[in-house]
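Working notes, beginning with the structure itself.
No value in this document is a laboratory result; all are computed from the given coordinates. Just so it is clear, the structure is predicted and the values come from calculations on it, not from any experiment. Don't worry about glycine lacking a Cβ; one is built from the backbone with ideal geometry, like all the others, and counts go over all protein chains shown.
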Amino acid sequence: MKFHHRRPRTRRGPVGRFLLHIWHVVLHRSTPLARPLLAPRGWYQTHAYRFPHIPTRYLPRLRSPARSWTEVIPRPAPELRTQPGIRREPGREDEAARTAPLQFFFKLHADAMGAVVPYMWPAVVSSTPRVARSDRRLRAARREQRPAEVPPLDPAALTGALKAKAAELGISAVGVTRHDPRYTFEQFAGRNVGDRVVVCILEQNYGSTQLIPSERSERAALATYGQLEDRLVELSAWLQEQGYRARPEDYIG
C-alpha cells in the first residue's frame, strides 16, 4: 500500500487573509449574476460546448492519473472487519421497490442546486464547456446502437477482455453485475439495453482532491467526470464491436 506524504499547508499571513476575504466578498456579491449561467436548461448550459477551453490533458492539476488499479487492496484493520457478505431479504426488497422506488436526488430536488451556487459557481462555470463536450459525445454514442454481427464471446472471456480494454483506456477499476431494476432510480427506469451493468471508476487528481473543500478540488472532480465519459464512449464502442448493445451513461444518469 502506498502512502502520499504532503507537507502541511502554511498559515496565511495578513496579506493572504485579506486577499482571501476580498475573494469571498466578490464571490458572494457576484452570485446573483452567475445563477442564470447554472440554470439546467439555460442558454449557457445549452451552448457551453461551443466555448473554447483548454483540454484537461494540458492541465496537470485537473488531470486524472488514468491508470488501472493493479495493487491488492489491503485488508481492513481488525476492529473494522465484519462478517463477509450482505444480508439480503428479497421480500422486503421487492416491497420497497414497489412502494417507495429509489429517487435521484437532483431530479427530485432540482432547486437544491441553489444552495451550492454561492460556493462553487466559478468551478462549475469554468468546467462546463469541457464537460459539455464530453456529454454531447456520450449522448451521440447512445443514439448509435449498431452492434457488429459477430459470434458472441463466452461470458467469462468477454468479462476478461472487457476488463483488459478498460485498463488499456486508463479506467481505474471496472466490475460487471446483473441489472436489478429494484436498484434503479425511478427517473431512469427502462433505459437499460441489456441484463448487465458495467460499473467504471476513474481516479481523481490526488493533489487537488486533498484540498477539499475548494474551487480547485471541485474543478478536478468535474474534469474527471468528463474524462470518464470519454472513456465510457470508447468502451461502449468496443462492446458493440464484440456484437453487444451498450449504452454509456453520464455521471448523473
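The Rg/Rh ratio of the range 12-63, with Rg taken over Cα atoms and Rh as the Kirkwood radius over Cα pairs, comes to 1.13. Dividing the mean sequence gap of close Cα pairs (under 8 Å, 6+ apart) by how many residues the range 179-253 holds gives a relative contact order of 28 percent. Placing +1 on the Cβ of every Lys and Arg and -1 on the Cβ of every Asp and Glu, with nothing else charged, gives the range 61-212 a dipole about its Cα centre of roughly 480 debye. Given +1 at the Cβ of Lys and Arg, -1 at the Cβ of Asp and Glu and no other charges, the dipole of the range 34-136 around its Cα centre is 540 debye to the nearest 20.
For the peptides 90-96, 136-142, 123-129, the ranking by mean Cβ contacts within 10 Å, running from highest to lowest, is 123-129, 136-142, 90-96. Tell me the angle of helix 90-99 to the major Cα principal axis of the chain, expressed in degrees between 0 and 90 and rounded to the nearest ten. Orientation of helix 90-99: about 60 degrees from the principal axis.
In terms of surrounding Cβ atoms within a 10 Å radius of their Cβ, 179, 53 rank from fewest to most as 179, 53.
Other residues lying with their Cβ under 14 Å from the Cβ of residue 229 contribute a combined charge of +3, Lys and Arg counting +1, Asp and Glu -1.
By how many degrees, between 0 and 90 and to the nearest 10, does the Cα long axis of helix 14-29 differ from the longest principal axis of the chain? Taking the Cα atoms of the chain, the angle to 14-29 is about 70 degrees. For the chain, the longest principal axis of the Cα atoms and the long axis of helix 113-143 meet at an angle of about 40 degrees. Which distance in Å, rounded to a whole number, links the C-alpha centroids of the range 181-213 and the range 44-75? The range 181-213 and the range 44-75 have Cα centres separated by 15 Å. Each of residue 83 and residue 43 was given a label point 7 Å from its Cα along the Cα-to-Cβ line. The distance between the two points is 6.2 nm.
So if we plug the beta-carbon distance of residue 111 and residue 182 into 1/(1 + (r/R0)^6) with R0 = 22 Å, what FRET efficiency do we get, rounded to 0.05? Plugging the Cβ-Cβ distance into 1/(1 + (r/R0)^6) gives 0.20.
At each listed q (0.14 Å⁻¹), what is the log10 of I(q)/I(0) that the Debye formula gives for the range 176-253 modelled as equal alpha-carbon point scatterers? Rounded to two decimals, the profile gives -0.58. For the chain, a Kirkwood hydrodynamic radius built from all Cα pairs, placed in the Stokes-Einstein relation at 10 °C and 1.306 mPa s, yields a translational diffusion coefficient of 74 µm²/s.
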